[in-house]
1. What ³J(HN,Hα) values, in whole Hz, does the Karplus curve 6.51 cos²θ - 1.76 cosθ + 1.60 give for region 250-256 when θ = phi - 60°, with x put for Gly and Pro?
2. Please list the non-local residues whose amide H lies under 5 Å from the amide H of VAL105, H modeled 1.01 Å from N, same-chain partners needing a gap of 5 or more.
3. Take every DSSP beta bridge with both residues inside the chain and express the antiparallel ones as a percent of the total, to the nearest 5.
4. Loop-only trypsin sites (Lys or Arg not before Pro) in region 15-115, please: DSSP not H, G, I, E or B, and at most 10 other Cβ atoms within 10 Å.
5. Spelling out what I want: for every residue of region 344-349, take phi, set θ = phi - 60°, compute 6.51 cos²θ - 1.76 cosθ + 1.60 (Karplus), and round to whole Hz; glycine and proline get x.
6. Which value, in Å² and to the nearest 10, is the accessible area of THR104 when all protein chains are kept and the probe is 1.4 Å?
7. For the chain, build the charge dipole from Cβ charges (+1 Lys, Arg; -1 Asp, Glu) around the Cα centre, then report which of ALA153, LEU22, SER74 sits farthest towards its positive end.
8. Quick one: which residues, 5 or more positions from HIS39 or on another chain, have an amide H under 5 Å from its amide H? H modelled 1.01 Å from N in the peptide plane, none for Pro or chain starts.
Amino acid sequence: MTIHDLDTPALVVDLDIMERNLRRMAEYAAQHNLRLRPHTKTHKIPALGAMQVALGAVGLTVAKSTEAEVMVNSGTPDLLIAYPVLGVKKLERIKALTKRVKITVSVDSVEVAQHLADAGLEVGVLAETDAGLGRVGVEPGQPLVDLAKAISAMPGLTFEGIAFYPGHIKSTDAAGMTALSNLGDLLTSIRAQLTQADIEARIFSGGSTPTMWHSHEVAGLNEIRPGTYIFNDRNTVFSGACQVEDCAASILCTVVSTSVKDQFIIDGGSKTFSSDLAKQPGHGWVVKYPEALFAKMNEEHGYVSMAGAKSSVKIGERVRVIPNHICVAVNLHEKVYGVRGETVEVVWSVDGRGKLQ
Ligand SMILES: Cc1ncc(COP(=O)(O)O)c(C=O)c1O
């Protein structure tokens, strides 16, 4: 099968680029002695998780217990659920999984830790701190020390270290580098406070795609969980962490209308791309027409503005579009087509899509 045989819209992944992204990250982590636990929220495909593990990842990360049920099929020896787990059904799922794989959960409250312990779970636990994003995580300082102490005292739970998500640092310009340096200072002071309280923290887990190549400069960080790096997207390019040539995933669309002057319509809208925005206007890059602006979307229609579109762009023509945010786009697709050149080499079912619980 070739790319021309695919019905559109279709999410295609350039395998050469994806494999290069995977290798680069694995080599970077190994070179700097960083544990790599990639977040699988980007690809949601066990076969890709297996590739990450084969390249040296110590384990994989998920957000949800149902995602964990899918990702265990990658054969990973270790799964981190980087989300506060609350609810009896979720605990039942996790308990069953602990018979197949080592599970670690990040928690930011004594309540959630107690919930895990009361269910008789035997899991590793990372205490989550807020390093500046303001989403989850207790304040660094005494609240974090208290949480770590409480976790250490609970039966079944093994305190393994600290987790945080530096999602507020979106670039490595001067402001981004200052934020990374401050983060290093914060981790250093957290380690000192834990040592003083006689608590051993083996893991300091953070790290995301926008700042991935500077992870080794963050003092005290010893585990990274990048997700987007496997494919990259328009946002990753804007963050400065990759070039357009490093974007492995795009959505193959067909031009279905050129009726309106200076515009063409593609057969993918918000149901295909998601409505996530980027730093600059546009819902994606039309690779073939860099001068075009993917200006607007309805559910099934993508509006692409381009002067002279009516004469130069033909109905039935196919274009590849790099989305703003690939993780949510993958969640909208049943299948991902892995291509090498024009050949469709592999078709993956996105087993982890729609796993919300
Ligand atoms: C807790 C957590 N860790 C890691 C990641 C991976 O971040 P990125 O996709 O930027 O690499 C995310 C992304 O949302 C996250 O929420």
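The values are calculated or read from the model by the stated rules, or taken from the named source; none is laboratory data. Everything numeric in this text was worked out from a predicted model, so none of it was measured. With ideal geometry, Cβ positions are generated from the backbone for all residues, glycine too; neighbour counts draw on all protein chains shown. Just so you know, the surface numbers come from the protein's heavy atoms only, side chains and all, with ligands and any DNA or RNA stripped out. Shrake-Rupley method; radii C 1.70, N 1.55, O 1.52, S 1.80 Å.
1. Running phi through 6.51 cos²θ - 1.76 cosθ + 1.60 with θ = phi - 60° gives 8, 10, 7, 10, 10, 6, 10 Hz.
2. It is ILE81, GLY124, VAL125, LEU126, by chain and number.
3. Working: 28 of 58 bridges.
Among the beta bridges of the chain, antiparallel pairing accounts for roughly 50 percent.
4. Working: sites: ARG20, ARG23, ARG24, ARG35, LYS41, LYS44, LYS64, LYS89, LYS90, ARG93, LYS95, LYS99, ARG100, LYS102; in loops: LYS41, LYS44, LYS64, LYS99, ARG100.
Filter output for region 15-115: LYS99.
5. 7, 8, 8, 10, 9, 8
6. Probe radius 1.4 Å; accessible area of THR104 about 0 Å².
7. Sorting the options by dipole projection puts first SER74.
8. THR61, GLY227
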